[in-house]
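Structure first, commentary second.
The values are calculated or read from the model by the stated rules, or taken from the named source; none is laboratory data. Quick caveat, the model's predicted, so the values are computed rather than measured. Every residue, glycine among them, receives a Cβ derived from its backbone with ideal geometry; neighbour counts consider all protein chains shown. Accessible surface is based on the protein model in full, side chains and every heavy atom, while ligands, DNA and RNA are left aside. Shrake-Rupley method; radii C 1.70, N 1.55, O 1.52, S 1.80 Å.
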Amino acid sequence: SQTIHQWPATLVQPVGSPLSLECTVEGTSNPNLYWYRQAAGRGLQLLFYSVGIGQISSEVPQNLSASRPQDRQFILSSKKLLLSDSGFYLCACQRAAYGYTFGSGTRLTVV
Amino acid sequence: SQQGEEDPQALSIQEGENATMNCSYKTSINNLQWYRQNSGRGLVHLILIRSNEREKHSGRLRVTLDTSKKSSSLLITASRAADTASYFCATGSNSGYSTLTFGKGTMLLVSP
């Protein structure tokens, strides 16, 4: 079965600082990978998805970027954080016909 | 944009009662999925129902899908305090790549 490792669990960063969140997947190869953001009391907003190494699709233009340097590694980055970047960031992996497996998430607070 | 919309936004019941949550969506789908999220945690996949299916069961969960009404329901029977969580529906589109669009969720509170 697939396992997603996501870190850190919580992060407090000042406005204007850079960001790097990492997600790694075990138990599968060539997965579809996704970054979602969840604002407080809201649903999930798809930010980026990737179907392979170096292949990134952006759903929402914003202050963030994503990269996939290895088959089972997905990184979310920002050069300069904004207050509006605060939220709960979730990495997910598609499990073929069985839905997504999610990581445990990173709670980002920009201060 | 949000595709699925859950109803109600919040639901409070006693242990042993059944909980029903509904989901409506707007465009054609390939499948519909339900997820559970405990506070501050990632989402856990519960069940997937395909567009050509009308009903599916998994343990105490029962999901129905009515594509003519573009709606789905999740029934949790004999609820337990451990079922307290937020429940999200997510729709998979018919487009070439697979992404899920999530609703805002129903917050379920099951009291002992």
> Scattering from the C-alpha atoms of segment B:37-112 alone, worked out with Debye: what is log10 I(q)/I(0) at q = 0.17, 0.19, 0.22 1/Å?
Replying inline: -0.75, -0.92, -1.17
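What does the convex hull of the alpha-carbon atoms of the protein assembly as shown project to on average, in nm²?
Its Cα hull, projected and averaged over all orientations, spans 12.0 nm².
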> With every protein chain in place, what's the accessible area of B:Lys69 (1.4 Å probe, Å², nearest 10)?
Replying inline: 150
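Per 0.36 nm of contour for each residue apart, how much would the distance between A:Val60 and A:Ser29 grow if the chain were fully extended, relative to their Cα-Cα spacing?
On the way: separation 31, 0.36 × 31 = 11.16 nm, distance 2.66 nm.
Result for the pair: 8.5 nm of gain on full extension.
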>> Taking amide H atoms as placed 1.01 Å from N in the peptide plane, list the residues 5 or more away in sequence, or in a different chain, whose amide H sits under 5 Å from that of A:Ser86.
In response: A:Val110
>> If the reach is capped at under 25 angstrom between alpha carbons, list the lysines near B:Lys104, excluding any in the same chain fewer than eight residues apart.
In response: B:Lys26, B:Lys56, B:Lys69, B:Lys70
> To the nearest whole number, what is the average tally of beta carbon atoms from other chains within 10 Å of the beta carbons of peptide A:40-49?
Replying inline: 5
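Which percent of the accessible area of segment B:45-99 is formed by carbon and sulfur heavy atoms (probe 1.4 angstrom)?
Numbers: 1190 of 2580 Å².
It is 46 percent, rounded to a whole number.
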> Using 7 Å Cα-to-Cβ label points, what is the B:Glu15/B:Lys69 separation (nm, one decimal)?
Replying inline: 3.3
> For the pair B:Asn22 and A:Ser1, how long in nm is the line joining their label points, each one 7 Å along Cα→Cβ?
Replying inline: 3.3
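For segment A:18-69, would you read off the P(r) tail past 16 Å as a percentage of all alpha carbon pairs?
Details: 610 of 1326 pairs.
That fraction is 46 percent.
Estimate for me the total accessible surface buried between chains B and A (protein heavy atoms, probe 1.4 Å, no ligands or nucleic acids), in Å² to the nearest 100.
Values: alone 6210 and 5870 Å², together 10540 Å².
For B against A, buried area totals roughly 1500 Å².
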> Going 7 Å from the Cα of A:Gln70 in the Cα-to-Cβ direction, what parts of segment A:15-31 have a backbone nitrogen less than 19 Å from that spot?
Replying inline: A:20-31
> At each listed q (0.11, 0.16, 0.18 Å⁻¹), what is the log10 of I(q)/I(0) that the Debye formula gives for segment B:1-88 modelled as equal alpha-carbon point scatterers?
Replying inline: -0.29, -0.62, -0.79
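What whole-number volume per residue, in cubic angstrom, does the convex hull of the C-alpha atoms of segment A:15-111 give?
Values: hull volume 9.3 nm³, N = 97.
Per residue, the Cα convex hull of segment A:15-111 comes to 96 Å³.
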> Among B:Arg80, B:Arg41, B:Arg60, which one shows the biggest mean-square fluctuation in a GNM of chain B, springs joining Cα atoms closer than 10 Å?
Replying inline: B:Arg41
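Can you give the accessible area per residue of the protein assembly as shown, in Å², using a 1.4 Å probe? Write down the numbers at each step before the final one.
Details: 10540 Å² over 223 residues.
Heavy-atom accessible area per residue stands at 47 Å².
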